[in-house]
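Quick one: the structure is below, and I'll ask about it shortly.
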Amino acid sequence: KNQVEQSPQSLIILEGKNCTLQCNYTVSPFSNLRWYKQDTGRGPVSLTIMTFSENTKSNGRYTATLDADTKQSSLHITASQLSDSASYICVVSAGRGGADGLTFGKGTHLIIQP
Amino acid sequence: NAGVTQTPKFRVLKTGQSMTLLCAQDMNHEYMYWYRQDPGMGLRLIHYSVGEGTTAKGEVPDGYNVSRLKKQNFLLGLESAAPSQTSVYFCASSYSTVGGEQFFGPGTRLTVL
């Protein structure tokens, strides 16, 4: 069964500090991996997409990495801001196609304290 | 360009009542989805559609029905609501199914008493 595990479940850091969120997956065949940001009371919004051949991708202060060999991805947030407080969801797409080919992680709830 | 909109934003039902949640998108996407999100469970796919007039079951379809009569609209129906259907419901649309970016609506918070 395809699975996506995220850690930690929740994280509290001070404004200005860096943090790294983890995503481990057992999805086969692998197509791509997305990180979504979900603000409280709103729908998720895509941050980055990683394909098999990509090791790292940045979107402003967000940097995602992918190790396809170990089936791990991380999302690194640099110089955190209060607006980074949100849940971050890792979603892995299986290569067989179809809308049910997506496997969602349960998310990491990040709180940035002033 | 409103993206994905959902109606209503909040609703309280009594057990056994019925209701329909409406999702609309203005991005001309072929694919649309309904998810529910519960604490500690993450997003789970209820039903989805790969085009006008087509629907398919997702991971947790029991107790729900859907219709896609127009390309831009995707309706989710609860025929006889149960307390277990208390959740936040999200609609999404995408250009492609295999890992295509999904654009989510703002959600509908449903409480069944």
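Which one of the conditions (1) farther than 29 Å from B:Tyr48 by Cα; (2) at pLDDT 95 or above does A:Gln72 fail to meet, given that it meets all the rest?
(1)
Checking A:Asn24 against (1) within 12 Å of chain B (Cβ to nearest Cβ); (2) part of a strand (DSSP E or B); (3) over 25 Å from B:Thr5 (Cβ atoms), which test does it fail?
(1)
Take B:Gly77 and decide whether it is under 11 Å from the mean Cα position of the chain (by Cα), surrounded by fewer than 16 Cβ atoms within 10 Å (Cβ to Cβ) and away from chain A (no Cβ under 12 Å).
yes
Among the residues in the range B:20-39, are any free of Cβ contacts under 8 Å to residues at least 40 places away in the same chain and either more than 30 Å from A:Ser7 (Cβ to Cβ) or not hydroxyl-bearing (Ser, Thr, Tyr) (or both)? So that I can check it myself, show each step before the final result.
Within the range B:20-39, the subset free of Cβ contacts under 8 Å to residues at least 40 places away in the same chain is B:39.
So of that shortlist, the ones also either more than 30 Å from A:Ser7 (Cβ to Cβ) or not hydroxyl-bearing (Ser, Thr, Tyr) (or both) come out as B:39.
Within the range B:20-39, one or more residues are free of Cβ contacts under 8 Å to residues at least 40 places away in the same chain and either more than 30 Å from A:Ser7 (Cβ to Cβ) or not hydroxyl-bearing (Ser, Thr, Tyr) (or both).
Can you name every residue in the range A:51-65 that is touching a Phe, Trp or Tyr at 6+ places or on another chain (Cβ under 8 Å) and within 15 Å of A:Gln22 (Cβ to Cβ)?
Here is the first cut: in the range A:51-65, the residues touching a Phe, Trp or Tyr at 6+ places or on another chain (Cβ under 8 Å) are A:52, A:62, A:64.
Result: A:Tyr62, A:Ala64.
So which residues in the range B:4-48 are part of a strand (DSSP E or B) and at positive phi?
Matches in the range B:4-48: B:Gly42 only.
Right, something else. Would you mention how many residues in the range A:63-87 are under 28 Å from A:Phe30 (Cβ atoms) and either assigned to a strand (DSSP E or B) or of a type in the set (Gly, Ala, Ser) (or both)?
14
Follow-up question, since we're still on this one. Among the listed residues B:Gly58, B:Gly63, which satisfies the condition of being of a type outside the set (D, E, K, R) and more than 14 Å from chain A (Cβ to nearest Cβ)?
B:Gly63
Here's the yes/no breakdown for (1) buried (at least 16 other Cβ atoms within 10 Å of the Cβ); (2) within 12 Å of chain A (Cβ to nearest Cβ); (3) in contact (Cβ under 8 Å) with a residue 40 or more places away in the chain; (4) assigned to a strand (DSSP E or B):
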residue: B:Ala92; (1), (2), (3), (4): yes, yes, yes, yes
residue: B:Gly100; (1), (2), (3), (4): yes, yes, yes, no
residue: B:Phe103; (1), (2), (3), (4): yes, yes, yes, yes
residue: B:Leu110; (1), (2), (3), (4): yes, no, yes, yes
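Away from every other protein chain (no Cβ under 13 Å), crowded, with 18+ Cβ neighbours inside 10 Å and touching a residue at least 24 places away in the same chain (Cβ under 8 Å): does that describe A:Ser7?
Against the criterion (away from every other protein chain (no Cβ under 13 Å), crowded, with 18+ Cβ neighbours inside 10 Å and touching a residue at least 24 places away in the same chain (Cβ under 8 Å)), A:Ser7 does not qualify.
Continuing with this model, one more query. When you go through A:Ser93, A:Ser53 one by one, which is the residue that is assigned to a loop (DSSP other than H, G, I, E, B), modelled with pLDDT under 95 and either within 14 Å of chain B (Cβ to nearest Cβ) or within 19 Å of B:Gly100 (Cα to Cα) (or both)?
Being assigned to a loop (DSSP other than H, G, I, E, B), modelled with pLDDT under 95 and either within 14 Å of chain B (Cβ to nearest Cβ) or within 19 Å of B:Gly100 (Cα to Cα) (or both) holds for just one of A:Ser93, A:Ser53, which is A:Ser53.
Additional query: Quick one: how many residues across the range A:51-91 are within 25 Å of A:Asn2 (Cβ to Cβ) and either charged (D, E, K, R) or surrounded by fewer than 12 Cβ atoms within 10 Å (Cβ to Cβ) (or both)?
Of the residues in the range A:51-91, 8 are within 25 Å of A:Asn2 (Cβ to Cβ) and either charged (D, E, K, R) or surrounded by fewer than 12 Cβ atoms within 10 Å (Cβ to Cβ) (or both).
Part of a strand (DSSP E or B), buried (at least 19 other Cβ atoms within 10 Å of the Cβ), more than 13 Å from chain B (Cβ to nearest Cβ) and under 15 Å from the mean Cα position of the chain (by Cα) - does that describe any residue in the range A:30-50?
No, there is no match, as no residue in the range A:30-50 is part of a strand (DSSP E or B), buried (at least 19 other Cβ atoms within 10 Å of the Cβ), more than 13 Å from chain B (Cβ to nearest Cβ) and under 15 Å from the mean Cα position of the chain (by Cα).
Looking only at residues that are in contact (Cβ under 8 Å) with a residue 12 or more places away in the chain, of a type in the set (Gly, Ala, Ser) and assigned to a strand (DSSP E or B) in the range B:49-74, which one is surrounded by the fewest Cβ atoms within 10 Å (Cβ to Cβ)?
Ranking the candidates gives B:Ser67 first.
The values are calculated or read from the model by the stated rules, or taken from the named source; none is laboratory data. From a predicted model like this one, the values you see are computed outputs, not experimental measurements. We place every Cβ from the backbone using ideal geometry, glycine too, and count neighbours over all the protein chains shown.
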